[in-house]
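To start, the structure itself, in structure tokens.
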Amino acid sequence: MSKFILNRLLQFIPTVFGVVTLTFFFIHMVPGDPLEALLGEDALAADRAALAAKLGLDKPIWEQFTTYLYHLMQGDLGTSLYSGRPVTNLILERLPATAELAFAALFFAIVLSFPMGVFAAQRRKQWPDKVTMAGSLLGFSMPNFWLGPLLIMFFSLWLGWLPVSGRDDGLWSLILPAITLGTGMAAVLSRLVRASLLEVMDADYIRTARAKGVNKHTLVWHHAMRNALLPVVTVLFLQAGTLLTGAILTEAVFSWPGLGTLMIDALNQRDYAVVQGGVLFIAMVYLTMTLLADILYAFIDPRIKYGKGA
Amino acid sequence: MRMNPYLRNFILFVAAAFAVTGLLQSIGGDAFAVNLKGLLLPPSPENGWLGTDELGRDVLSRLMIGGKLSLVVGLSVVIVAGTFGTLIGLISGYFGGWVDHVIMRITDIFLAFPGILLAIAFAALMGPGVENVIFALCLMGWVGFARLARAQALSLSRMAYVEASQVSGMALGHILLKHILPNAAAPLIVEAIFAMAGAMIAEAGLSFLGLGVQPPNPSLGAMLREGARYMPVAPHLVLAPGLLLMALVLGLNIIGDNLRDKLDARL
């Protein structure tokens, strides 16, 4: 087990380095001149040179890269070209709003998908199964930048129950964004819960329990669920990372003041430093989640053996 | 040559989608003519069936142009990313060893960017435009095909018939494309169908953020974004593009889902 975790951690390092390198060169590959974007087309050559020196853009690219790595080690993601503030601070300021939205969406997805998946699995191939699975396919096909406006139209404009956008009304303003972001995830999870439960229900130990006369409720929730949840938990972790990206569009719909709107504003202002920092940050969170999911999976399911002698 | 039954439904659906959008576009009015006397008209037969937008342009024909664009982007991404990813994956799985190791570490790096994050960053940096959107979506799309093709090639390359063709001195390209690929095709086709649906949603998402097709050219995502501003007075501007996008994506997902059920007999 510890050998497996060590192995996995060692694999993590080159991936992280790859992600950092890709993000760095990505930004430097692009057409368009950041100096021109900042200073305008008819800036004086002297001003351009001064700014280039200040941002380190006059140095050779490998030197910029090593400097970037050096700063990164210290948690320094650079300085916003637009506001002049440290990118790390900008991200940390916006993180609570995005985390709040992501957790609320996760909560909504779990509460909706688990009963749906169990319900469908218990009535396999009957109409409740077909209806829930059709619903899940619908949720999966629904773009969240359309679901959001639909919910706003119905609950905010027609019924007037919930705020249209922003984050000023506490829990009330969280409801619609959380549903918008969580629906796609609920669709994926409900299918997974169903499939996983169906597989477990075929197992010998379930047949034994059934033969012993264990009642259906205990059988499903107590005996089968424990094992059926293993793959679900892993996917939960992976999906939690994906929520951060989904949040970019959802935040755009609801003007939610999180990481997503920070990145969109930065994109519009051509503030490459913030874009670079934001992309790197989200990728790192996602990578960490993937790593945790892998380790957790090996931990909670001792049957899993990765590779030789792990 | 008989058509792969997995491909048939997919091709029929895409062809039908193109035909219907083309037909409806011909019924609609001028998609670009601004008419300031008829702004935000509600849907009705007199108002070109789906009404007009904030500049008085015909919504039906704009919608259909956007729908076709969405299909074109989805298809292009699947063809480009699918071909590239499949080739890389076949090579990776067939050769194994360090080739496989290096390629898989590269896919790991791309997989570290969740969802459309990479596409958003790339489309934003390259500037708006359909080609850039397609390129950005291919950049994140090839990995899925590569992983899948690799897994297939890995197991198929140890089969006796592949070893027989190696021993008989067949060219590498011939073995990969004529012997391994046909037996690996079914899951790759399912992946392609889901990938097309995903690419269409992603394209609309990028356009929604203002990173895709630029005005006055219509795209479903941009229509949604513009329409959201007039939601209280003209809800059809939000309802129509979303409904069309969802119908197209749902159609693809249903086809993909049925095929996957056939492949995976357990469920």
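Bear in mind that the values in this text are calculations on the coordinates, not laboratory data. Keep in mind that this is a model prediction, so the values were computed, not measured. Cβ sites come from the backbone with ideal geometry, for glycine too, and all protein chains shown count toward neighbours.
Here is a list: A:L151, A:L157. Which entry is out of contact with any Lys or Arg (no Cβ under 6 Å at 6 or more places or on another chain) and touching a residue at least 12 places away in the same chain (Cβ under 8 Å)?
Of A:L151, A:L157, the one residue that is out of contact with any Lys or Arg (no Cβ under 6 Å at 6 or more places or on another chain) and touching a residue at least 12 places away in the same chain (Cβ under 8 Å) is A:L151.
Quick check: anything in the range B:50-71 on the phi > 0 side of the Ramachandran plot and out of contact with any Lys or Arg (no Cβ under 8 Å at 6 or more places or on another chain)?
Yes - at least one qualifying residue is present in the range B:50-71.
Do any residues in the range A:128-147 that are of a type in the set (V, I, T) have Cβ atoms under 8 Å from those of residues that are surrounded by 22 or more Cβ atoms within 10 Å (Cβ to Cβ), where the two are at least six apart or on different chains, and which pairs are they?
Every condition considered, the pairs that remain are A:T132/A:M116; A:T132/A:G117; A:T132/A:A120; A:T132/A:S190; A:T132/A:R194.
Quick grid of which residues meet (1) part of a loop (DSSP other than H, G, I, E, B); (2) surrounded by fewer than 19 Cβ atoms within 10 Å (Cβ to Cβ):
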{"site": "B:M223", "(1), (2)": "no, no"}
{"site": "B:V233", "(1), (2)": "yes, yes"}
{"site": "B:A240", "(1), (2)": "no, no"}
{"site": "B:L248", "(1), (2)": "no, no"}
{"site": "B:I254", "(1), (2)": "no, yes"}
{"site": "B:N258", "(1), (2)": "no, yes"}
{"site": "B:K262", "(1), (2)": "no, yes"}
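What pairs come up if the first residue lies in the range B:10-39 and is more than 30 Å from B:I189 (Cβ to Cβ), the second is among the hydrophobic types (A, V, I, L, M, F, W, C) and part of a loop (DSSP other than H, G, I, E, B), and their beta carbons are under 6 Å apart, counting only those six or more places apart or on different chains?
B:V34/B:L55
Pairs please, first residue from the range B:62-77 and small (G, A, S), second anywhere and not in a helix (DSSP H, G or I), Cβ atoms under 6 Å, 6+ apart in sequence or on different chains.
B:G66/B:P218; B:G66/B:S219
Suppose we filter B:L177, B:L156, B:L148 for residues that are away from chain A (no Cβ under 14 Å) and over 24 Å from the mean Cα position of the chain (by Cα); which single one remains?
B:L156
Where the second residue is surrounded by fewer than 24 Cβ atoms within 10 Å (Cβ to Cβ) and outside any helix (DSSP H, G or I) and the first is facing chain A (nearest Cβ under 7 Å) and of a type outside the set (S, T, Y) and lies in the range B:111-130, which pairs have Cβ atoms under 6 Å and are six or more apart or on separate chains?
Going by the 6 Å Cβ cut-off, the qualifying pairs are B:L125/A:V30.
Considering only residues that are assigned to a helix (DSSP H, G or I) and in contact (Cβ under 8 Å) with a residue 40 or more places away in the chain, which ones fall in the range A:65-95?
Within the range A:65-95, A:F65, A:Y68, A:L69, A:L72, A:V87, A:T88, A:L90, A:I91, A:R94, A:L95 qualify.
Anything in the range B:54-103 that is crowded, with 24+ Cβ neighbours inside 10 Å and outside any helix (DSSP H, G or I)? List them, or say none.
Result: B:D58, single match.
So if I check each of B:L237, B:L250, which one is within 11 Å of chain A (Cβ to nearest Cβ) and under 30 Å from A:M133 (Cβ atoms)?
When all the criteria are applied, what remains is B:L250.
Please work out which one of (1) buried (at least 20 other Cβ atoms within 10 Å of the Cβ); (2) in a helix (DSSP H, G or I) is the condition B:F113 fails and give its number.
Looking at each condition in turn, B:F113 falls short on (2).
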